[in-house]
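Undergrad: Quick one: the structure is below, questions incoming.
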Amino acid sequence: MNEVSDNLSFYRLKGVSRRREKGGIIFELEIPELIIRHGDFIAVTGPSGCGKSTLLDILGLILQPDCNQTFTLRRSGDPNVWDDIATLGEARLADLRKAKIGYVLQNGGLLPFLTVRENIELPARLNRLKNTRGRAAELAGKLGITEQLDKKPAQLSGGQRQRAAIARGLVHGPAIVLADEPTAAVDQINAVDIRNQFSDLARQQQVAVLMVTHDKKLVLPVINRLLTFTTEKRGTNHTVSRLQEVPANEWQ
Amino acid sequence: MSGNSNTKKEGSPWLVLSLAAKDLRHELILSLCLVMAVTAVLGPVLILFGLKFGSVQLLRSRLIEDPRNREIRPISSARYQPEWFLKMQEMPEISFITPMTRQISTSVDACVAGSDSACSGETVSLDLLPTGTGDPLLLENKGTIPGPDGCVLTRFAAEKAGAKTGDRINITIRRVIGGDWRKAGLSLHVDAVLDARAGAIKAMFVPLSVLEQVERYKDGEAVPERGWEGKQRTAFAEFDGLLVWLPAPLTKLEQIKLRTSTGFSAVRGIKPAGMEKEFGFSIAAPGSIYFFTTRKQAARQDNIDNIARRLRGRGAILLPIAAPVNARLREDSTSRNVTLRSLGFTADTAKRLQITPLPQWVLNPADSPAASLQAFIAGDNTDHSLSRVVQADIREKNSLTVPLIIYGEGDSSTLYIPAELGGILRLLRERPIHYNAENNAFLLSRQAYAGFRLYTTTIDEVDGLRRNLGKEGISVATEADRIRDVQELNHYLNLIFYVIAAAAAAGGAATLAASLYGSVERKRKEIGILRLLGFSRFSLLRFPLYQGIILTFGGFVVASSFFFALSLLINNLFAEKIRENESLCTLTPGHFALFAAVMLAIAVVAALGAALRILRLEPVEALRDE
């Protein structure tokens, strides 16, 4: 690996692909190369069915790629060691997910049986971090949902739920937050607000963000990289979707 | 802030438990429904088992508590020796045994005594029963053990006689012997009246000694202790053989005749030379000496009389021989062991037979054996005019203590006693005798008892003891049937209960399993999110497991409260039929622990299916199926 000298990178993918067959239709996602660095705010756009969710699942370590040349994650405690995802077992992957990754799902993905506070505190508790209550309260304050902390998610508006989800994604200080259409279900004003809060907090914590969105215009002001897909038909029932980085000069 | 990837275990061990509990609380109504479903299964099972256990326990404790069920009664009368009673008393499974007299001697007339000691109430016929220290029938029915002149009445007897505790009861004993009607009386203090539970018999419990006195009186004997008149049962002498001296020898035929129908079965000639070694003396007078012996029984006076009659006119001299008896002489504070040798001749006889060594003393002819309580210290130099009285303890098979006048001095361990006395002491090998100083008579003591009253320590020993007594040839009646009935009832109720409980457990497990599985299906998304947040597949297995346990425990608590309420109701409904501290529907803490353990096992089994579903659940499918 020749890019090891790049001290800011922590995700390295090269020649990773995942193939899915459903009803005789073959869909293949190819990731020729992807390197994610601390502080990145990456937007992933593209039409539905192009593999955005599959990309998130692979990065979220819940979907094993079919083949890869490189799929490594830098170890936090020992920056010179890169863990090869393909060689890790289920428990180790769960540990990595727990510590390094935060999620902001569509519609929040909050647990309905926990209060907002308990939802936000959960990843911190899971990592046995100190002062979970303080961290959660601080994030909630910054996101303006302090009033909602003792409510159940069902009592919250869409925007409040997304803010709570962002707080949960950040509370344990992960290396990256994977966000899946976090603003799809809120109105424009709220969406701008949430976008700003999210990017501010991510920048403060030096957390990389990879956000899948169909609203390119909304995220352009806060991102530093833009990823998209090019699709190619290899026969009637075989579609290949390739991840591509859009050069900064093309979208800025 | 940086992620902590070295953390191996996720969160605190209570995190999954708290999530599981919060999920249940979130769906409170649904959870309560499941708790009720478990209650619906467990509640009736608890009640059923409580009733079964309570009622069987009630029957059992009543059986155990009531001494009557621990009683073993002989069916027919026999002869039980005092040693047999001693042996029985030693047995740990017997809590109480007392000898009993013949049934016929137990019936007496009784009436309550007024202030002038005469009968003031109705005269009723009562049965006398012996009692003694530790009699459970008395002690466990609000009675006490009567004192030497006391008695305890059954409720029925007390009602019939109009007696109460503290009264005096006059008892009249009647006997008819040879057309001679006699009656004697005694007065006893009523120490207690028993509960009705002791039995619906008209009985009066008295110390065994009182009953023995009554029996003796009814048998025509005198009872000097009570001043009741009758005949004495005097002891008789027994001998090992008869030495006969004749001036002329007996023919073979005469010898055979002499051991036909005389009680003696063998005769042999004795050479004067070897006599001293065998008998302690020898006969020098010219003539023939024969020794008559018996085979099984010892020779008695009538056997000796038979020989005397047949040898009348032959100038025969008869010397009854009793084997020496060992005794211990007590005098002031000293004591010593001696051998008492009996000599069956007077001084005249001794002179005539030229007996050597010739005793230097004069044996007083005695008309009764007791009058001849004398012993002469052996030795030529002893002055036999000196005499003193000592206590002699004789220990053969039966023991006896008598005062003995000792003539002479010296420390020789051989003392000579009259043959009559020796014969009496020899009888101790056969049966008990006692010496009555007032009448100066040896009397035959009681030898055996016709029956007994016996109580075992617990009901579980009744049947074993019954069988053991059966092996001894003693057939007895017990309440074993009642005990066995309860044991069998318990067995069958257990079977029925286990069938119902198994069906209920299966139903409960199915309900719970279905609910937990359904719950996992409904919560696929939440479980997927938890996986995404970093919970491992295996840690989430605990999610349905904990929920199952919480729901089951909830059901268990509700069912237990239900049980307590209902058992209270049941016990109140039957309050009239049961005594205080008794319970028709009850369970022990052990039972609850057992039920809790079984329910826990059921919860684990029920959660298994849901857990397997969780193992197969991929977070991807859970998250993307919207």
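Undergrad: Of these, A:245, A:147, A:232, which one is without any contact (Cβ under 8 Å) to a residue 12 or more places away in the chain and either within 17 Å of the chain's Cα centre (by Cα) or part of a strand (DSSP E or B) (or both)?
TA: One residue alone meets the criteria, A:232.
Undergrad: Taking the options B:486, B:499, name whichever one is open to solvent by 70 Å² or more (accessible area, probe 1.4 Å), more than 14 Å from every other protein chain (Cβ to nearest Cβ) and farther than 22 Å from residue A:123 by Cβ.
TA: It is B:499.
Undergrad: Collect the residues in the range A:159-201 that are within 12 Å of chain B (Cβ to nearest Cβ), crowded, with 20+ Cβ neighbours inside 10 Å and not basic (Lys, Arg), keeping them in residue-number order.
TA: A:165, A:169, A:170, A:171, A:172, A:173, A:174, A:175, A:176, A:177, A:178, A:180
Undergrad: Counting only residues that are under 15 Å from residue B:67 (Cα atoms) and either of a type in the set (Phe, Trp, Tyr) or at pLDDT 90 or above (or both), how many does the range B:441-476 have?
TA: So the count comes out to 4.
Let's see how each residue does on (1) buried (at least 21 other Cβ atoms within 10 Å of the Cβ); (2) outside any loop (DSSP other than H, G, I, E, B); (3) in contact with a Ser or Thr (Cβ under 9 Å, 6 or more places away or on another chain):
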{"position": "B:145", "(1), (2), (3)": "no, no, yes"}
{"position": "B:152", "(1), (2), (3)": "yes, yes, yes"}
{"position": "B:164", "(1), (2), (3)": "no, no, no"}
{"position": "B:181", "(1), (2), (3)": "no, yes, no"}
{"position": "B:187", "(1), (2), (3)": "no, yes, yes"}
{"position": "B:197", "(1), (2), (3)": "no, yes, no"}
{"position": "B:225", "(1), (2), (3)": "no, no, yes"}
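Undergrad: Is there a residue being closer than 22 Å to residue A:206 by Cα, in contact with an Asp or Glu (Cβ under 8 Å, 6 or more places away or on another chain) and within 10 Å of another protein chain (Cβ to nearest Cβ) anywhere in the range A:76-89?
TA: no
Undergrad: Go through (1) surrounded by fewer than 22 Cβ atoms within 10 Å (Cβ to Cβ); (2) under 24 Å from residue B:24 (Cα atoms); (3) within 13 Å of chain B (Cβ to nearest Cβ) one by one and return the number of the condition residue A:138 breaks.
TA: All conditions pass for residue A:138, except number (2).
Undergrad: For the list (1) over 26 Å from residue B:428 (Cα atoms); (2) part of a loop (DSSP other than H, G, I, E, B); (3) of a type in the set (Ser, Thr, Tyr); (4) in contact with a strand residue (DSSP E or B) (Cβ under 9 Å, 6 or more places away or on another chain), I need the number of the one condition that residue B:349 fails.
TA: Residue B:349 satisfies all of (1) over 26 Å from residue B:428 (Cα atoms); (2) part of a loop (DSSP other than H, G, I, E, B); (3) of a type in the set (Ser, Thr, Tyr); (4) in contact with a strand residue (DSSP E or B) (Cβ under 9 Å, 6 or more places away or on another chain) except (2).
Undergrad: Same structure again: Of the residues in the range A:119-135, how many are within 7 Å of chain B (Cβ to nearest Cβ) and either part of a helix (DSSP H, G or I) or over 21 Å from the mean Cα position of the chain (by Cα) (or both)?
TA: Within the range A:119-135, residues that are within 7 Å of chain B (Cβ to nearest Cβ) and either part of a helix (DSSP H, G or I) or over 21 Å from the mean Cα position of the chain (by Cα) (or both) number 5.
Undergrad: Among the listed residues B:576, B:618, identify the single one that is open to solvent by 50 Å² or more (accessible area, probe 1.4 Å) and within 14 Å of chain A (Cβ to nearest Cβ).
TA: Of B:576, B:618, the one residue that is open to solvent by 50 Å² or more (accessible area, probe 1.4 Å) and within 14 Å of chain A (Cβ to nearest Cβ) is B:618.
Undergrad: Give the residue that is farthest from the other protein chains (Cβ to nearest Cβ), with candidates limited to residues of the range B:19-35 that are surrounded by 14 or more Cβ atoms within 10 Å (Cβ to Cβ) and charged (D, E, K, R).
TA: Among residues in the range B:19-35 that are surrounded by 14 or more Cβ atoms within 10 Å (Cβ to Cβ) and charged (D, E, K, R), the one farthest from the other protein chains (Cβ to nearest Cβ) is B:27.
Undergrad: Then there's this: Within the range B:425-538, considering only strands (runs of 3 or more DSSP E) that don't extend past its boundaries, which have at least 1 residues that are farther than 30 Å from residue B:223 by Cα?
TA: The strands (runs of 3 or more DSSP E) meeting that bar are B:451-456.
Undergrad: Quick test for you: out of B:76, B:95, B:120, B:115, pick the one residue that is open to solvent by 50 Å² or more (accessible area, probe 1.4 Å) and in contact with a Gly (Cβ under 6 Å, 6 or more places away or on another chain).
TA: B:120
Undergrad: Cβ-Cβ under 7 Å, sequence separation 6+ or interchain: first residue in the range B:25-37 and in the same structural domain as residue B:562 (by TED's automatic domain parsing), partner outside any helix (DSSP H, G or I) and open to solvent by 30 Å² or more (accessible area, probe 1.4 Å). Which pairs?
TA: Qualifying pairs under 7 Å: B:26/A:112.
Undergrad: Sticking with this structure for a sec: So which residues in the range A:34-49 are away from chain B (no Cβ under 13 Å) and over 17 Å from the mean Cα position of the chain (by Cα)?
TA: A:47
Undergrad: Also, quick follow-up: Answer yes if at least one residue in the range A:98-107 is more than 13 Å from chain B (Cβ to nearest Cβ), in a strand (DSSP E or B) and open to solvent by less than 20 Å² (accessible area, probe 1.4 Å), and no otherwise.
TA: no
Undergrad: Something else: Test residue A:61 against the stated conditions and say whether it is among the aliphatic types (A, V, I, L, M), within 14 Å of chain B (Cβ to nearest Cβ), buried (at least 19 other Cβ atoms within 10 Å of the Cβ) and in a loop (DSSP other than H, G, I, E, B).
TA: yes
Undergrad: Suppose we filter B:531, B:522 for residues that are open to solvent by 30 Å² or more (accessible area, probe 1.4 Å) and within 13 Å of chain A (Cβ to nearest Cβ); which single one remains?
TA: Only one candidate passes the filter, namely B:522.
The values are calculated or read from the model by the stated rules, or taken from the named source; none is laboratory data. None of these values were measured; they are calculated from a predicted model. A quick note on method: Cβ atoms are made from the backbone with ideal geometry, for glycine too, and the neighbour counts reach across all protein chains shown. We work out accessible area using only protein heavy atoms, side chains counted, and drop any ligands, DNA or RNA first. Shrake-Rupley method; radii C 1.70, N 1.55, O 1.52, S 1.80 Å.
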